[in-house]
Amino acid sequence: MDYTFQYGQVWPYLPYLLSGAWLSLQIAFLAFCGGLLIGTACAAMRSFGKGPLLIVVNAYVIFFVNTPQLVQIYFLYFALPDMGIYLSSYMAVLIGMTLNAGAYLTEIQRAGFESRRRSEMEAAEVLGFSRLQQVRYVILPHVAKVLFPPLSNHYILMTLGTSMAAIFGVEELTGRALNVNSQTFRSLEVFSVVALIYIAVTLVASVLLALLGRYGFRAKMRVV
């Protein structure tokens, strides 16, 4: 193999790539927060609800868990315009990732809800807590310690999953890497640098989440 690495052609684009990494983090954070809210509500419904609303929640989870996220975003971006609904590429990706995260976080949080202590629930009932108050003041504080590690792992996966936004023209890290590659034609150099940026981002996020989980929620997490 006669190939000479020329990273000098890529380094001038490093600030451009790093700003793309920042956009990736923004998309992952917003989608995760939105998905967490959806997941909390749906997990509570699947644990305590009944009737038509429970059927709707189950259908939502089944659909988004059993279809590819990319197909879901394709639907939002390409199919909705046929119904007169137009979304920017950024909004289509953000909404698609949020809905997908909501379904997966529903399953994660439902497991946490089911780990609640029966004695605590009985005490809340004796005190006259409503279902909403039981979730807010009894269940969520208890399951936060159990749920924080899997939620953190899912957030890291979502950060890496933002790379699919490049398909829709969003200039996050991978999208900008494609732009740089089209100008420099140094694919090995460009994508090796991008891979290192992804590794650095996920490692920093993992350490910060581990510290937050250990000292904020007393979760058993290893700080790498």
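Magnitude of the charge dipole for region 66-174, about its Cα centre and with charges confined to Cβ atoms of Lys, Arg (+1) and Asp, Glu (-1), is about 420 debye. Computed from the C-beta positions of Leu80 and Leu157 and an R0 of 35 Å, the FRET efficiency is 0.85 to the nearest 0.05. Only one residue of Leu76, Val190, Met158 has its Cα farthest out toward the positive end of the dipole of the chain, where Lys and Arg carry +1 and Asp and Glu -1 on Cβ, and that residue is Met158.
Heavy-atom surface analysis with a 1.4 Å probe gives the chain a carbon and sulfur content of 67 percent of its accessible area. Values (1) 59, 35, 28; (2) 74, 48, 28; (3) 76, 37, 24 are given for comparison; Cα extents along the principal axes in Å, derived from the coordinates here, is the one labelled (2).
Between Trp22 and Arg131, the contour length at 0.36 nm per residue exceeds the Cα-Cα span by 35.3 nm. Spacing of the modelled spin labels on Val71 and Tyr7, each 7 Å from Cα toward Cβ, amounts to 4.1 nm.
I need the peptides 81-88, 162-169 ranked by packing, meaning the mean over residues of other C-beta atoms within 10 angstrom, with the highest value on top.
In descending order of packing, they fall as 162-169, 81-88.
With the simple model of a label 7 Å out from the Cα in the direction of the Cβ, Ala195 to Met91 spans 3.7 nm. I need the helices of the chain that pass two filters: whole DSSP H segments spanning 30 Å or more by Cα along the axis, and mean Kyte-Doolittle score no lower than 0.5. Long hydrophobic helices here: 14-48, 89-114, 187-216. Calculated accessible area for the chain comes out at 56 Å² per residue, all protein chains present (probe 1.4 Å; ligands, DNA, RNA ignored). Protection proxy ranking for 174-186, 41-53, using the average of other Cβ atoms within 10 Å per residue and placing the highest first: 174-186, 41-53. In a reduced charge model with +1 at each Lys and Arg Cβ and -1 at each Asp and Glu Cβ, the chain shows a dipole moment near 900 debye about its Cα centre. Taken along the Cα-to-beta-carbon direction at a fixed 7 Å, the label points for Ser182 and Val56 span 4.2 nm.
The values are calculated or read from the model by the stated rules, or taken from the named source; none is laboratory data. Since the model is a prediction, treat every value here as computed from it, not as a measurement. For neighbour counting, all protein chains shown are included, and Cβ atoms are generated from backbone atoms with ideal geometry for every residue, glycine included. For the accessible areas, the whole protein counts, side chains as well, though only heavy atoms, and no ligand, DNA or RNA atoms are used. Shrake-Rupley method; radii C 1.70, N 1.55, O 1.52, S 1.80 Å.
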